[in-house]
Structures are given as C-alpha cells and as structure tokens.
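Participant: Below are the structure tokens for one structure; questions will follow.
The values are calculated or read from the model by the stated rules, or taken from the named source; none is laboratory data. These numbers come from a predicted model, not from an experiment. Neighbour counts run over all protein chains shown; Cβ positions are idealised from the backbone, glycine included. To get the accessible areas, we keep the full protein, side chains included, count just its heavy atoms, and leave off ligands, DNA and RNA. Shrake-Rupley method; radii C 1.70, N 1.55, O 1.52, S 1.80 Å.
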Amino acid sequence: MRKLTISSLVAVVITLHAAAASAQACLGLPSFVNGSVHANVAVFQLTDSVQSVAVGLGAGRPNHLFANIGGAQVTYEGFDEKSTLGFLEFGYQIPVSRLQLCPIAGGYLAAGPDDGLMKITSRVASAGLAAGLPITMGSFRIIPNAAFKYDYESTKFVEEGFEDETITSNSQGIDLGLGFVFADRFGLQPIVHLPLSSSDSDPSFGIFASVSFGWRAK
C-alpha cells in the first residue's frame, strides 16, 4: 500500500501540474483575449488502477501573468480510500515569434489515502517551462505543445504506535499535448505525461477541457 501511495501521488501531482494551469498556447488552451477567466476540468488515467478528476479556475491577461487554483480527487482500484489534492499555480506568458513560452511554478497539498490507523499527507513544489505553437484555421486552432517540469515531493506517514516517517524525492517529466481550440473560447486536449526520473513509472494519459468567459482584454 505504501509503495502504491507514493508512486500514485507523485504521478498525480506531476500530471495535474500540466493539466490545471491556464497558460493558453504554451499549454494548448484558449487565450485570455476573449475571456479573462478559465474554467477547467481534467480526467486522467495515471496507472491501470489509479484515476483522477481535477477542476480549476484560472485568471490572467494576454502575454502577462496568470494564476490557477483548484482541486482534485484520486481513486484507487480495490481501495475505498481516496486522495484529495489542492493546488495553486502561477505563470507568465512570453511571445517568441510564433511560439509562446511560459515559465510555470506551483504548489500542491494532498491528503490520503489513509490506510487504517495510518495518515498520509503529501506536499509538492514544482517549476518548469512550457511552449506551444498555435496553428490557426479560421475560427479553429490546433496547438501542439510541450512542457518540462521539475518536482520536489515530500510524503509524511503518521501511524499510531510508530515513529512518524517522511519520504522525499525529486523527479522530472515531459508533458506532450495537442490542443483543439474553437472560437478562442472552448478547448479540448489529450495529454500524455512521460516521466524521466523513475524507471518503473509508466506514461499517464488524460483529457483536459477548458472554457473561457468573463471580460475581454483591452
């Protein structure tokens, strides 16, 4: 159970870092031009037995700062216990010719899954760089994008009658996405996460949807 918990939570927070941030072309999403607020939903298959659903709300300005806040729940096949995540992320959009680059950084706090008398909490700090190239065809846009991220994870185990244990680790990964954006308002994107630092971690896959609304950028 402990090995499952650590590897699954690490996969969750790494993958959600790509999925939850509203970064427009650099992450294959609608821009903030027509709507300065984004509502985001993501569903991921992290392993054969681990799934997650995330929701987030983002705000920002074109070629400027953006931020995102949200949460997620992770379910494990064969276990009643679940993990609950909360996250806060920031980034900055930088146009470079036809590309858009986004330095990104974020933090996560996860609780669970608890196993009997054992309580599990996890903290993650992450930073990286994302890039996207929008290809426009009328009101439709295709955005191939990629992101590299470095993560620092700390997982604490507290169990009655035993000394508390904290396990820390570092990891890196690449996220590849292909965004489909219509009318610069609605976005749908398949995403694959490729871990680089763990030989026994498999790729994870997900679908990310975003809708922009709110005031238009001046």
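Participant: Can you tell me which of PRO62, PRO95, PRO144, PRO113 is over 20 Å from the mean Cα position of the chain (by Cα) and touching a residue at least 60 places away in the same chain (Cβ under 8 Å)?
Facilitator: Answer to the check: PRO62.
Participant: Follow-up question, since we're still on this one. Does the stretch 116-173 hold any residues that are open to solvent by 40 Å² or more (accessible area, probe 1.4 Å) and of a type in the set (Phe, Trp, Tyr), and which are they?
Facilitator: Those that are open to solvent by 40 Å² or more (accessible area, probe 1.4 Å) and of a type in the set (Phe, Trp, Tyr): PHE140, PHE148, TYR150, TYR152, PHE162.
Participant: So, one more: Are any of the residues in the stretch 189-197 assigned to a loop (DSSP other than H, G, I, E, B) and open to solvent by 80 Å² or more (accessible area, probe 1.4 Å)?
Facilitator: yes
Participant: Scan (1) under 26 Å from GLY28 (Cα atoms); (2) aliphatic (A, V, I, L, M); (3) in contact with a Lys or Arg (Cβ under 9 Å, 6 or more places away or on another chain) for the single condition ALA111 breaks and write down its number.
Facilitator: It fails just one condition, (1).
Participant: Here is a follow-up. Give me the pairs: first residue in the stretch 126-137 and in contact (Cβ under 8 Å) with a residue 40 or more places away in the chain and outside any strand (DSSP E or B), second residue open to solvent by 30 Å² or more (accessible area, probe 1.4 Å) and not charged (D, E, K, R), beta-carbon distance under 6 Å, and six or more apart or on different chains, which are they?
Facilitator: LEU133/LEU99; LEU133/PRO144
Participant: If you check GLY106 against the conditions, is it touching an Asp or Glu at 6+ places or on another chain (Cβ under 6 Å), part of a strand (DSSP E or B) and at pLDDT 90 or above?
Facilitator: yes
Participant: On the basis of being assigned to a strand (DSSP E or B), of a type in the set (Asp, Glu) and surrounded by 14 or more Cβ atoms within 10 Å (Cβ to Cβ), does ASP184 make the cut?
Facilitator: Considered against the rule, which asks whether it is assigned to a strand (DSSP E or B), of a type in the set (Asp, Glu) and surrounded by 14 or more Cβ atoms within 10 Å (Cβ to Cβ), ASP184 comes out as no.
Participant: Can you tell me which residues in the stretch 169-202 are over 14 Å from the mean Cα position of the chain (by Cα) and under 18 Å from SER83 (Cβ atoms)?
Facilitator: Hits for the stretch 169-202 are SER169, SER171, SER201.
Participant: Continuing with the same structure: Determine, yes or no, whether GLY161 is closer than 29 Å to ARG123 by Cα and either part of a loop (DSSP other than H, G, I, E, B) or not basic (Lys, Arg) (or both).
Facilitator: It is true that GLY161 is closer than 29 Å to ARG123 by Cα and either part of a loop (DSSP other than H, G, I, E, B) or not basic (Lys, Arg) (or both).
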